[in-house]
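The values are calculated or read from the model by the stated rules, or taken from the named source; none is laboratory data. Keep in mind the model is a prediction, meaning the values are calculated, not measured. Don't worry about glycine lacking a Cβ; one is built from the backbone with ideal geometry, like all the others, and counts go over all protein chains shown.
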Amino acid sequence: MKIFTQMESDVRGYCRDYPVVFERSKGSEMFTVDGDRFIDFLGGAGALSYGHNNEHIKQAVMEYMQADGVLHGLDLHTKAKREFLTTLRSTILEPRKMDYKAQFTGPTGTNAVEAALKLARKITGRQGIISFTNGYHGMTLGAIAATGNGHHRGGAGVHLGGTTFMPFDGYFGPETNTIAYIERLLEDTSSGIDTPAAMILETVQGEGGVNPASGEWLQGIQALCRKHDILFIVDDIQVGCGRTGTFFSFENMGIDPDMIVLSKSLGGIGLPMALLLMKPEHDQWDIGEHNGTFRGNNLAFIAATTAFKRYWSDDSFTTEIGEKAAILRQHLQWIKADFPELNIEVRGRGMIWGLEIPQKGLAGEVVNEAFKRQLIIENCGTGGTVLKFLGPLTMEKAILEEGLGLLKEAVQAVYQQHFTAAGSNS
Ligand SMILES: *Cc1c(COP(=O)(O)O)cnc(C)c1O
């Protein structure tokens with residue numbers, strides 16, 4: 001263990017919550033060098049929706065490597081990229097009647113966000129971006145300027161300009177319609193808010209604490225964008241690729257974004273890859289205007305293509321996710337009901353769920369208690385008060401229920417320490 005603290009920068013994060021050394025992983029389980037088994041509710045922070053070492057995807061990737069397929073391809077035409085684009089169109093876009101062109105950016109989500117923001121600024125000739133309270137879009141300067149979290153913003157070290165934050169759905173509680181507020185600011189030419197190039201949002205805020213926006217609110221935002229000629233960007237990096245049950249998080253919600261960014265689980269088994277989808281008329285780049293050495297991760301193209309064919313050729317995966325989503329939701333509701341003193345709130349859609357314990361520090365304690373029981377789950381949101389489920393979509397129901405049982409035990413342990421005579425009452 002010493003090598004990590006001696007050699008690796010203090011910036012490391014997740015490993016502090018789960019201080020073991022992992023060696024193998026399969027499906028929804030991870031195994032340490034000591035042979036201990038952990039259930040994974042973290043899922044590579046959303047990059048492992050098809051599970052660790054997904055057998056179908058792994059086989060395809062191994063075959064490609066065996067045959068000396070091109071691994072690094074800049075933005076050259078390759079057979080792997082041709083198959084990816086063909087499959088993206090035939091299994092994802094055409095069945096949904098969606099017409100988009102694809103830009104391969106550098107392989108991180110934040111780079112696809114940078115590309116989207118730059119392109120929106122170029123198209124409109126405006127500089128401003130509207131993003132939303134508790135939004136998370138990445139760690140490079142353009143994306144961080146659109147990210148709400150003060151800790152992350154503080155790390156930038158320079159003035160973060162060009163972004164105005166508006167209240168997300170429900171920010172002032174369920175009674176306040178934040179669309180009305182945003183509308184007033186955009187319509188009033190003396191509000192101090194210039195018409196922006198774009199609005200960017202997550203349909204379910206992931207890092208910001210699992211905050212789902214309603215379809216009605218999203219439609220309201222899109223209507224404002226259309227009215228004021230503002231580009232509408234959906235950041236589907238965390239909740240796309242099936243997390244909410246459908247491939248895109250906003251299907252059946254009555255919106256039609258100008259641009260969509262995808263990453264995280266796009267690369268199938270955790271291989272880095274990011275994609276900007278834009279309506280064809282928005283493809284206004286000059287040649288090479290946004291580039292990057294690692295835009296052609298051909299191994300990720302193979303993995304992504306395999307995942308599309310295997311999981312998105314029909315509706316069966318959506319049905320499967322729906323069944324597991326119901327189990328997840330039910331168990332979290334039971335935990336909420338079992339510990340009324342914790343004032344738990346349960347939020348989510350599909351297979352992203354948050355369990356908020358408002359009292360400061362308690363959710364973090366649950367993370368530690370869960371780890372003792374060999375369950376990996378993270379906390380997020382302002383002050384880290386929200387426990388977040390982001391486990392693989394392919395998780396077997398038995399493991400899901402086992403993990404939820406461990407989560408309940410962990411909540412109970414924290415509850416007992418704080419709220420019963422046996423514990424040191426707070
Ligand atoms: C993770 C994430 C990003 C950033 O992706 P990276 O690959 O970490 O750069 C951007 N937006 C959302 C919604 C994310 O969850």
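Couple of notes before you dig in:
- Subset of the range 215-237 that is surrounded by 24 or more Cβ atoms within 10 Å (Cβ to Cβ) and of a type outside the set (A, V, I, L, M) - its residue that is farthest from Trp353 (Cα to Cα): Asp235
- Close Cβ contacts (under 8 Å, 6 or more residues apart or on different chains) running from residues in the range 358-384 that are at positive phi to residues that are polar (S, T, N, Q) and crowded, with 20+ Cβ neighbours inside 10 Å comprise Gly381/Asn134.
- Scope the range 6-47; condition part of a loop (DSSP other than H, G, I, E, B) and farther than 18 Å from Phe371 by Cβ; matching residues: Glu8, Ser9, Asp10, Val11, Ala47
- In the range 97-114, the count of residues that are over 26 Å from Trp312 (Cα atoms) and either acidic (Asp, Glu) or under 19 Å from the mean Cα position of the chain (by Cα) (or both) is one or more.
- Residue count for the range 172-201 under the criterion of being in contact (Cβ under 8 Å) with a residue 40 or more places away in the chain and hydroxyl-bearing (Ser, Thr, Tyr): the result is 1.
- Among the residues making up the range 208-234, a single one is acidic (Asp, Glu) and assigned to a helix (DSSP H, G or I): Glu216.
- Subset tally (residues that are farther than 26 Å from Leu299 by Cβ and surrounded by 16 or more Cβ atoms within 10 Å (Cβ to Cβ)) for the range 37-60: 3
- Boolean, Met253 is closer than 25 Å to Gly173 by Cα, more than 16 Å from the chain's Cα centre (by Cα) and buried (at least 24 other Cβ atoms within 10 Å of the Cβ): no
- Options Met30, Met1, Met7; residue that is more than 16 Å from the ligand (Cβ to nearest atom) and modelled with pLDDT under 95: Met1
- Test: residue in the range 57-76 that is part of a helix (DSSP H, G or I), closer than 24 Å to Gly403 by Cβ and at pLDDT 95 or above: yes
- Answer residue from the range 2-36, given it is out of contact with any His (no Cβ under 8 Å at 6 or more places or on another chain) and among the aliphatic types (A, V, I, L, M) and is surrounded by the most Cβ atoms within 10 Å (Cβ to Cβ) among those: Val20
- Test result for Glu369, more than 26 Å from Glu323 (Cβ to Cβ), at pLDDT 95 or above and touching a His at 6+ places or on another chain (Cβ under 9 Å): no
- Residues (of a type in the set (Lys, Arg) and not in a helix (DSSP H, G or I)) located in the range 326-365: Arg347, Arg349, Lys360
- Among the candidates Met259, Met278, Met253, Met273, the residue that is within 16 Å of the ligand (Cβ to nearest atom) and farther than 24 Å from Gly44 by Cβ is uniquely Met259.
- Only one of Ile230, Ile200 that is within 12 Å of the ligand (Cβ to nearest atom) and more than 27 Å from Ala326 (Cβ to Cβ): Ile200
- Count of the range 234-243 residues which are more than 11 Å from the ligand (Cβ to nearest atom) and closer than 18 Å to His137 by Cβ: 1
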